There are 4 protein chains.
Amino acid sequence: MDLAAIIHETWAELAARRGAGQVADYIPALARVDPTKFGIALATPDGQTHCAGDAAEPFSIQSISKVFVLALALDRHGPKLFERVGREPSGDPFNSIVQLERDHGIPRNPFINAGAIVTTDHLIDDRPVDEAIAELLALLRTIARDDTIMIDGEVAMSESTAGDRNRSLAYFMASFDVLNNAVPDILNGYFRQCALALSCRNLAEAGLFLACDGTDPVTGQTVVSSERCRRINALMLTCGHYDNSGQFAYEVGFCGKSGVGGGILAVVPNRASIAVWSPGLGDAGTSLLGSAALRLIAEKTGWSIFG
Amino acid sequence: MDLAAIIHETWAELAARRGAGQVADYIPALARVDPTKFGIALATPDGQTHCAGDAAEPFSIQSISKVFVLALALDRHGPKLFERVGREPSGDPFNSIVQLERDHGIPRNPFINAGAIVTTDHLIDDRPVDEAIAELLALLRTIARDDTIMIDGEVAMSESTAGDRNRSLAYFMASFDVLNNAVPDILNGYFRQCALALSCRNLAEAGLFLACDGTDPVTGQTVVSSERCRRINALMLTCGHYDNSGQFAYEVGFCGKSGVGGGILAVVPNRASIAVWSPGLGDAGTSLLGSAALRLIAEKTGWSIFG
Amino acid sequence: MDLAAIIHETWAELAARRGAGQVADYIPALARVDPTKFGIALATPDGQTHCAGDAAEPFSIQSISKVFVLALALDRHGPKLFERVGREPSGDPFNSIVQLERDHGIPRNPFINAGAIVTTDHLIDDRPVDEAIAELLALLRTIARDDTIMIDGEVAMSESTAGDRNRSLAYFMASFDVLNNAVPDILNGYFRQCALALSCRNLAEAGLFLACDGTDPVTGQTVVSSERCRRINALMLTCGHYDNSGQFAYEVGFCGKSGVGGGILAVVPNRASIAVWSPGLGDAGTSLLGSAALRLIAEKTGWSIFG
Amino acid sequence: MDLAAIIHETWAELAARRGAGQVADYIPALARVDPTKFGIALATPDGQTHCAGDAAEPFSIQSISKVFVLALALDRHGPKLFERVGREPSGDPFNSIVQLERDHGIPRNPFINAGAIVTTDHLIDDRPVDEAIAELLALLRTIARDDTIMIDGEVAMSESTAGDRNRSLAYFMASFDVLNNAVPDILNGYFRQCALALSCRNLAEAGLFLACDGTDPVTGQTVVSSERCRRINALMLTCGHYDNSGQFAYEVGFCGKSGVGGGILAVVPNRASIAVWSPGLGDAGTSLLGSAALRLIAEKTGWSIFG
């Protein structure tokens, strides 16, 4: 199978629709991103990465960072983490607080905002926040083999400025004693990890360990154990797109995690790690062209975890 | 891999725990099932079926029938079916009506009760109910190669007697004009399909088409198209265990559908169709020993759709 | 105070706005009512009744009947009734089922549909439905001194035809064993009491016992005890207008119960019983002109239960 | 009617039950209050105040302060206040956030916590918080004719320490742009008004304007207009006891507002303002003995706003 050709065909078939959808506008730094950007990168276990379009340009990966934070937090705490966060799809939007009230402050899964605040709290553990964020950045730079990967300071500041809903979620959990660190510290870490800037190439390469039993095949770094890797993939499949996860599983059939910046990281176990980016979002808050690209790639490759 | 040995080892390792959990007691016919029953059957694409324990004894498959009804309804109506039922995990118990009110009578997915009432309505279509149920029974007899498969009349009657909650769900949807047939007719069909009695062997063989791109490899019967088969598997993965689907995906990593009679049908694409039965249920309403057996089989085979 | 003048002034000040609002259209018999109808009647403990506009024309009192059914059910069962229905305002629309699920089938109060289905069940008790309805009709004919008061058979039939939401509510409660009689029987009674046709004069005179400590001052008939009368008034105040009860209390300051037919019965203890009718409803499902008329009457008389 | 005798009889009949119920323990300062305290004070428009038991001892009035904050906020902003807070009973507990999500950040009424945070925001307006709190304190000292009325600094500090749930509510509303001031400033004011310490005598005298058309009959101070006074009373009746308001109206029949410190302020228009205090709370978070005392007083006086 000529994967390079598939990536280019996919890009070319969709390029005319660039600009479709709504760019996230809750913070200025996201609102002014060029809506016509469109990149695809596909990394395979043999160390190759195929790219198309704007695949070298860093963008705000937003919630996709939740996957890497979860990997580190799980590695640090093991299954005890799941005493503070569930593993079930939520049936509610990403920032809903209704479910938290019903479940006494325990978020449904690590990929809704409240759940990622819990995993960030566990990533921080008993360290200074800066140290925890430095570990996350170091991991990404290593497995993506790119020392220029940065946190966008302006985005992080804007996240904080627009962060009252997340503050509300965090204090709500604090009122149920679910959090270990002080809310402002946890949110400091949370807003910064949301502001990570990676290119499609970076992201596909950073996610490759998830397609390879937890070990990055190029650097040889074991990020998580084989069993834990499957479980993170399972969570991406069931919970990776908020209230749209079922449809993504139904139509695409890859494990995936989307971000409001228009990126999606998709994992096809044993086959590939794929990153797409197009800022225009559909009704469910997922990249319109990004989802379409993944559907096309699934069609052209015949890959699916479901048969 | 010696699958026969794995099935027997699994059964033997768990046999001491027979009787654990709570047998469903909302209808007498289920309440008086022997709680120590425990059967496993695994069918592979090459036509072999490996069995252990009470794998030849028919039991009430209850909600597992929703998979077959969905397959037939999808075949009859195509994607138009999804104008009346969603594809998202629900985050609520199987018989919750809260979600229906929020979503104006459209159930979240075909595997909660309300959703299966919608698929039953579509299975009936413009036919007499008896004809629709006969089609379902004929399908199961064909692909399980067993003409003795029956609907347990006593269970069907009991379902109806204890069926006020399902009546409420159906009339609720009717008040939003979601249903085409009269509520009593639809429920007649619904209660009967819940009362299907199959053995583990029957069930594993009947589900084999789902592991084989939609076509039963033994009889050669194409039940659904390859694409539709993947999509049914995706729905089983994200929605097959009500409010426990995430945990099943996380811990077992197979597509699956459970029933309150203590059965679970699991599908590992391209590998196997597995049926387990043990009447004792855990807190989430899924067979305790059945789940444990599938976890062990996943471990011993190394199979997982997630890597 | 010249109450006759106040009633006429109120009618005259609002007459130009006749036809405002939306007439209920869920059943044909209500949809075709002349939207310009507007009547007011005010009955005082001294036996006088002052009328204006279309006060002699019978209309469908709909949910206002819930007050009289409650009075009879309370008289029949006493406080035991409140083991099956609550006394709290609901914070949800009149036909919401969400609250029922949260509270295990117990409706919040007797004036939402589910609650009135419970009081109807208690009114029926162990009698044939017809006997219970006959008792209700006899009461109204006596205290309104009008033997021509009828149930509109066409409306009752239409209520049943359009009654799937109420069927859903009833079966939901039945699934929690909240009801004593069979659902179809209870709904037969429920749909008929909704279809009672009274004029404003009838209604004001029928409600006068609530302004007079439970005893109709003209016929001398004690409908409920003095204490129970206060309690029914309290329920009208806190729950009489579904999700709009707070605003009615805030702006009008009378006890009241509205119906979707455009009628409102208001009670000012020791002062008067007032009935208004204008079919056009506001957003909250209460008669627009009727509410305005009661606000004006409150202003002109200076009456309020709040000071 | 010998009101002094009624107050003493009421106290005496209930004194044996002192200590019943659960003292609020979410902050230490409340948890260590002597549970056997029990005081009653009844103030009448003629300027007399009848007391029994511990009626001279200041206690933490907690949520009862919401009535006075509402009066000042309404006086400052008029009906525009109700663009930011509703007037309907909530059907949810005092600190529920579910309703806020459904209603896009607008609290149901001024007496649940979220609503009182909104009225506090309006009381502050564009002033320093201290100035707003000083105005509230000055009002209470004037109408209760007691310059020693204070805010308990320790309680205010404890409220803040235990205040994460209220922080969550406030940031939630802030995320919907419902608040004008910064959340920490508003909560500073909110926690202090909750910590007001008044005796039963103070409270009954401070609340007398509500029984007297908005004007304190002793000092002659008009706190609110006659119309606004009725409306505050209506809100107390429908919303004054959180999810227990209907039952209080049903059983007592007075306007009232309870606090978690065990106090209740009751208003009988044109008759009296009554304050009761007993720290033990019932299931609904209202003073057990306090409610019982008000029921007895209603019985003995025959007073009720419902007839």
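Condition check: more than 15 Å from the chain's Cα centre (by Cα), among the aliphatic types (A, V, I, L, M) and at pLDDT 95 or above. Does A:I149 satisfy that? Lay out the reasoning, then the answer.
Numbers: more than 15 Å from the chain's Cα centre (by Cα): yes; among the aliphatic types (A, V, I, L, M): yes; at pLDDT 95 or above: yes.
When the stated conditions are applied, A:I149 passes them.
Is it true that some residue in region B:18-36 is at pLDDT 95 or above, touching a Phe, Trp or Tyr at 6+ places or on another chain (Cβ under 7 Å), among the basic types (K, R) and over 17 Å from B:S199 (Cα atoms)?
Yes, region B:18-36 contains at least one residue that is at pLDDT 95 or above, touching a Phe, Trp or Tyr at 6+ places or on another chain (Cβ under 7 Å), among the basic types (K, R) and over 17 Å from B:S199 (Cα atoms).
Has region D:225-234 got at least one residue that is surrounded by 24 or more Cβ atoms within 10 Å (Cβ to Cβ), within 12 Å of the chain's Cα centre (by Cα) and touching a residue at least 24 places away in the same chain (Cβ under 8 Å)?
Yes; the residues of region D:225-234 include at least one that is surrounded by 24 or more Cβ atoms within 10 Å (Cβ to Cβ), within 12 Å of the chain's Cα centre (by Cα) and touching a residue at least 24 places away in the same chain (Cβ under 8 Å).
Could you say which residue among C:V218, C:V267 is buried (at least 24 other Cβ atoms within 10 Å of the Cβ) and either among the charged types (D, E, K, R) or farther than 21 Å from C:R76 by Cβ (or both)?
Working: C:V218 fails: buried (at least 24 other Cβ atoms within 10 Å of the Cβ).
Just a single option satisfies the conditions, and that option is C:V267.
Applying the selection to region D:131-151, what residues are surrounded by 19 or more Cβ atoms within 10 Å (Cβ to Cβ) and part of a loop (DSSP other than H, G, I, E, B)?
Selection gives D:A144, D:I149.
What residue, of A:Y190, A:Y171, is crowded, with 22+ Cβ neighbours inside 10 Å, more than 16 Å from the chain's Cα centre (by Cα) and within 30 Å of D:G163 (Cβ to Cβ)?
Details: A:Y190 fails: more than 16 Å from the chain's Cα centre (by Cα).
Result: A:Y171 is the single residue among A:Y190, A:Y171 that is crowded, with 22+ Cβ neighbours inside 10 Å, more than 16 Å from the chain's Cα centre (by Cα) and within 30 Å of D:G163 (Cβ to Cβ).
Listed here are the residues, each with its yes/no results for (1) over 22 Å from B:D146 (Cα atoms); (2) among the β-branched types (V, I, T).
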{"site": "B:L235", "(1), (2)": "yes, no"}
{"site": "B:S245", "(1), (2)": "yes, no"}
{"site": "B:Y250", "(1), (2)": "yes, no"}
{"site": "B:C255", "(1), (2)": "yes, no"}
{"site": "B:V260", "(1), (2)": "yes, yes"}
{"site": "B:A266", "(1), (2)": "no, no"}
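Of the residues D:T238, D:T219, which single one is outside any loop (DSSP other than H, G, I, E, B), of a type in the set (V, I, T) and either more than 17 Å from the chain's Cα centre (by Cα) or within 11 Å of chain C (Cβ to nearest Cβ) (or both)? Working first, answer last.
Numbers: D:T219 fails: outside any loop (DSSP other than H, G, I, E, B).
Criteria check complete, one pass: D:T238.
Looking at region C:14-52, which of the residues that are under 19 Å from the mean Cα position of the chain (by Cα) and part of a helix (DSSP H, G or I) is surrounded by the fewest Cβ atoms within 10 Å (Cβ to Cβ)?
Across region C:14-52, the extreme among qualifying residues is C:A29.
Restricting to region D:257-307, count the residues that are assigned to a strand (DSSP E or B) and among the hydroxyl-bearing types (S, T, Y).
Of the residues in region D:257-307, the ones assigned to a strand (DSSP E or B) are D:257-258, D:263-268, D:272-277, D:280-281, D:287.
Subset that is among the hydroxyl-bearing types (S, T, Y): D:258, D:273, D:287.
The number of residues fulfilling the criteria is 3.
Rundown of residues vs (1) at pLDDT 95 or above; (2) of a type in the set (S, T, N, Q); (3) in contact with a strand residue (DSSP E or B) (Cβ under 8 Å, 6 or more places away or on another chain), yes/no style:
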position	(1), (2), (3)
D:L42	yes, no, yes
D:Q48	yes, yes, no
D:R76	yes, no, no
D:P89	no, no, no
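Is it true that some residue in region B:271-282 is out of contact with any strand residue (DSSP E or B) (no Cβ under 6 Å at 6 or more places or on another chain) and hydrophobic (A, V, I, L, M, F, W, C)?
No, region B:271-282 contains no residue that is out of contact with any strand residue (DSSP E or B) (no Cβ under 6 Å at 6 or more places or on another chain) and hydrophobic (A, V, I, L, M, F, W, C).
Taking D:L179 as the residue in question, decide whether it is away from chain C (no Cβ under 14 Å), at pLDDT 95 or above, open to solvent by less than 10 Å² (accessible area, probe 1.4 Å) and out of contact with any strand residue (DSSP E or B) (no Cβ under 9 Å at 6 or more places or on another chain). Show your work before the answer.
Details: away from chain C (no Cβ under 14 Å): yes; at pLDDT 95 or above: yes; open to solvent by less than 10 Å² (accessible area, probe 1.4 Å): no; out of contact with any strand residue (DSSP E or B) (no Cβ under 9 Å at 6 or more places or on another chain): yes.
Spelling it out, it is not the case that D:L179 is away from chain C (no Cβ under 14 Å), at pLDDT 95 or above, open to solvent by less than 10 Å² (accessible area, probe 1.4 Å) and out of contact with any strand residue (DSSP E or B) (no Cβ under 9 Å at 6 or more places or on another chain).
When you scan region A:25-33, do you find a residue that is within 14 Å of A:A206 (Cα to Cα) and among the hydroxyl-bearing types (S, T, Y), even just one?
No.
So if I check each of B:S258, B:S273, which one is closer than 15 Å to B:L198 by Cα, away from chain A (no Cβ under 12 Å), in contact (Cβ under 8 Å) with a residue 24 or more places away in the chain and open to solvent by less than 10 Å² (accessible area, probe 1.4 Å)?
Values: B:S273 fails: away from chain A (no Cβ under 12 Å).
Among B:S258, B:S273, only B:S258 is closer than 15 Å to B:L198 by Cα, away from chain A (no Cβ under 12 Å), in contact (Cβ under 8 Å) with a residue 24 or more places away in the chain and open to solvent by less than 10 Å² (accessible area, probe 1.4 Å).
Taking the condition aromatic (F, W, Y), on the phi < 0 side of the Ramachandran plot, open to solvent by less than 10 Å² (accessible area, probe 1.4 Å) and more than 14 Å from every other protein chain (Cβ to nearest Cβ), does B:F111 pass?
Working: aromatic (F, W, Y): yes; on the phi < 0 side of the Ramachandran plot: yes; open to solvent by less than 10 Å² (accessible area, probe 1.4 Å): yes; more than 14 Å from every other protein chain (Cβ to nearest Cβ): no.
No, not satisfied.
Yes or no: D:R201 touching a Gly at 6+ places or on another chain (Cβ under 9 Å), in contact (Cβ under 8 Å) with a residue 12 or more places away in the chain, open to solvent by 40 Å² or more (accessible area, probe 1.4 Å) and basic (K, R)? Walk me through how you get there before you give the answer.
Numbers: touching a Gly at 6+ places or on another chain (Cβ under 9 Å): yes; in contact (Cβ under 8 Å) with a residue 12 or more places away in the chain: yes; open to solvent by 40 Å² or more (accessible area, probe 1.4 Å): yes; basic (K, R): yes.
Yes, satisfied.
Residues being in contact (Cβ under 8 Å) with a residue 60 or more places away in the chain, closer than 17 Å to C:R165 by Cα and either open to solvent by 10 Å² or more (accessible area, probe 1.4 Å) or assigned to a loop (DSSP other than H, G, I, E, B) (or both): count how many of those fall in region C:81-106.
As a first pass, look at region C:81-106 and keep what is in contact (Cβ under 8 Å) with a residue 60 or more places away in the chain: C:84, C:87-95, C:97, C:100-101, C:104-106.
From what is left, the residues that are closer than 17 Å to C:R165 by Cα are C:92-95, C:97, C:100-101, C:105-106.
Those left that are additionally either open to solvent by 10 Å² or more (accessible area, probe 1.4 Å) or assigned to a loop (DSSP other than H, G, I, E, B) (or both): C:92-95, C:97, C:101, C:105-106.
Looking only at that region, the number is 8.
Assuming B:W303 fulfils every condition listed in (1) within 14 Å of chain A (Cβ to nearest Cβ); (2) among the hydrophobic types (A, V, I, L, M, F, W, C); (3) buried (at least 22 other Cβ atoms within 10 Å of the Cβ) apart from one, which condition is it?
Only one criterion is unmet by B:W303, namely (3).
Would it be correct to say that B:A206 is open to solvent by less than 10 Å² (accessible area, probe 1.4 Å), within 23 Å of A:S304 (Cα to Cα) and out of contact with any helix residue (DSSP H, G or I) (no Cβ under 8 Å at 6 or more places or on another chain)? Talk me through it step by step, then tell me what you get.
On the way: open to solvent by less than 10 Å² (accessible area, probe 1.4 Å): yes; within 23 Å of A:S304 (Cα to Cα): yes; out of contact with any helix residue (DSSP H, G or I) (no Cβ under 8 Å at 6 or more places or on another chain): no.
When the stated conditions are applied, B:A206 does not pass them.
Can you tell me which residue in region B:53-80 is farthest from the chain's Cα centre (by Cα), limited to those that are within 13 Å of chain A (Cβ to nearest Cβ) and surrounded by 20 or more Cβ atoms within 10 Å (Cβ to Cβ)?
Step one: of region B:53-80, the residues within 13 Å of chain A (Cβ to nearest Cβ) are B:70, B:74, B:79.
Now narrow it down to the ones that are surrounded by 20 or more Cβ atoms within 10 Å (Cβ to Cβ): B:70, B:74.
Values: B:L70: 10, B:L74: 16 Å.
Filtering region B:53-80 for residues that are within 13 Å of chain A (Cβ to nearest Cβ) and surrounded by 20 or more Cβ atoms within 10 Å (Cβ to Cβ), the one farthest from the chain's Cα centre (by Cα) comes out as B:L74.
Provide a single number: the residues in region C:162-173 that are part of a helix (DSSP H, G or I) and in contact (Cβ under 8 Å) with a residue 60 or more places away in the chain.
So in region C:162-173, the residues part of a helix (DSSP H, G or I) come out as C:164-173.
If we keep only those that are in contact (Cβ under 8 Å) with a residue 60 or more places away in the chain too, we end up with C:165-166, C:168-169, C:172-173.
Total satisfying the criteria: 6.
The values are calculated or read from the model by the stated rules, or taken from the named source; none is laboratory data. If you're wondering where the values come from, they're calculated on a predicted model, not measured in any experiment. Cβ coordinates were reconstructed from backbone atoms using ideal geometry, including for glycine residues, and neighbour counts include every protein chain displayed. Each accessible area value is taken on the protein alone, full model and side chains, heavy atoms only, with ligands, DNA and RNA left out. Shrake-Rupley method; radii C 1.70, N 1.55, O 1.52, S 1.80 Å.
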